[in-house]
Amino acid sequence: RLAVQVDAARGAMEPLSLVLVDLDHFKQINDTLGHQVGDDILRDVGRAMSAAAGPSDLVARVGGEEFAWLLPGRDAQAAFDAAEGLRESIAARPIAGARVTLSAGVCDLGLTGTAPELYRLTDGALYWAKAHGRNITFRYNPDIVEELSASERADRLERLMAVNTVRALARAVDAKDPTTQRHSERVGEVAR
């Protein structure tokens, strides 16, 4: 559908924007509250996105906790405003008993000419939002967003996995001695 909409927008010389949305810390929600609550949250966010979408917009789930929102006829600023409104409304209320935030990336067809490139640039904006604090809507700007190669993303993932391993080890050490439970985590929080 993205390729069809890109072709139509280019043919009609009309704006077209894409928003990619990712729920922040969703794995933690699934791990602490259970997958049923996670599923309820996904459904609620999907309904909220559909309600915020215009009649010609397309909202789709494109990954585990990632959604795409295609906005024909709207430039990046209008798409940013729509995504930011969604982000604020989701953060303002609990969903299934949990506080949920989301990060969003926005890009329009004016910065590229193909569907895969539009998706890639929008994904870069989303990645930037997640890497810079989460609970942010970021509009793609080639002067700001660092394009990450596949190897750079793999390096970052490897570092994240190493940090998670250290955290798991710290929890195991803390669990061994109840008198120092969570001590390693508290020391880490104080140090940060």
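The values are calculated or read from the model by the stated rules, or taken from the named source; none is laboratory data. Predicted, not measured: the structure shown is a model, and the values here were computed from it. Here the Cβ positions follow ideal geometry from the backbone for every residue, glycine too, while neighbour counts run over all protein chains shown. For the accessible areas, the whole protein counts, side chains as well, though only heavy atoms, and no ligand, DNA or RNA atoms are used. Shrake-Rupley method; radii C 1.70, N 1.55, O 1.52, S 1.80 Å.
Every condition in (1) of a type in the set (D, E, K, R); (2) under 15 Å from Ala9 (Cβ atoms); (3) in contact with a Leu (Cβ under 7 Å, 6 or more places away or on another chain) is met by Arg87 except one, and the failing one is (2).
Do the conditions hold for Glu147, that is, is it touching a Leu at 6+ places or on another chain (Cβ under 9 Å), under 19 Å from Val4 (Cβ atoms), open to solvent by 30 Å² or more (accessible area, probe 1.4 Å) and at pLDDT below 95? Against the criterion (touching a Leu at 6+ places or on another chain (Cβ under 9 Å), under 19 Å from Val4 (Cβ atoms), open to solvent by 30 Å² or more (accessible area, probe 1.4 Å) and at pLDDT below 95), Glu147 does not qualify. Restricting the range 108-140 to residues that are of a type in the set (Ser, Thr, Tyr) and open to solvent by less than 30 Å² (accessible area, probe 1.4 Å) leaves a set whose member that is farthest from the chain's Cα centre (by Cα) is Thr112. Checked against the criterion of being within 16 Å of Thr101 (Cα to Cα), part of a helix (DSSP H, G or I) and without any contact (Cβ under 8 Å) to a residue 40 or more places away in the chain, the range 2-18 has no qualifying residue. Any residue at all in the range 21-30 that is in a loop (DSSP other than H, G, I, E, B), of a type outside the set (S, T, N, Q), open to solvent by 70 Å² or more (accessible area, probe 1.4 Å) and closer than 18 Å to Arg134 by Cα? Among the residues of the range 21-30, at least one is in a loop (DSSP other than H, G, I, E, B), of a type outside the set (S, T, N, Q), open to solvent by 70 Å² or more (accessible area, probe 1.4 Å) and closer than 18 Å to Arg134 by Cα, which makes the answer yes. Leu33: modelled with pLDDT of 95 or more and surrounded by 11 or more Cβ atoms within 10 Å (Cβ to Cβ), yes or no? For Leu33, the condition - modelled with pLDDT of 95 or more and surrounded by 11 or more Cβ atoms within 10 Å (Cβ to Cβ) - is not met. Can you spot a residue in the range 158-166 that is charged (D, E, K, R), open to solvent by less than 80 Å² (accessible area, probe 1.4 Å), at negative phi and modelled with pLDDT of 70 or more? No: the range 158-166 contains no residue that is charged (D, E, K, R), open to solvent by less than 80 Å² (accessible area, probe 1.4 Å), at negative phi and modelled with pLDDT of 70 or more. Across the range 43-52, not a single residue is classified as farther than 21 Å from Arg99 by Cα and not small (Gly, Ala, Ser).
Restricting attention to the range 121-144 and to residues that are over 17 Å from Arg1 (Cβ atoms) and of a type in the set (D, E, K, R), the residue that is modelled with the lowest pLDDT turns out to be Asp143.
Would you check if Gly97 is farther than 22 Å from Asp31 by Cβ, modelled with pLDDT of 80 or more and among the small types (Gly, Ala, Ser)? No; evaluated as a whole, the condition is false for this residue. Exactly one residue among Ala53, Ala96, Ala92, Ala83 is within 25 Å of Ala131 (Cα to Cα), hydrophobic (A, V, I, L, M, F, W, C) and either surrounded by 13 or more Cβ atoms within 10 Å (Cβ to Cβ) or within 13 Å of the chain's Cα centre (by Cα) (or both), and that residue is Ala83. Pairs only if they're at least six apart or on different chains, beta carbon under 7 angstrom, first in the range 148-176 and over 18 Å from Arg192 (Cβ atoms), second among the hydroxyl-bearing types (Ser, Thr, Tyr) and modelled with pLDDT of 75 or more; list them, first residue then second. Correct list of pairs: Leu148/Tyr127.
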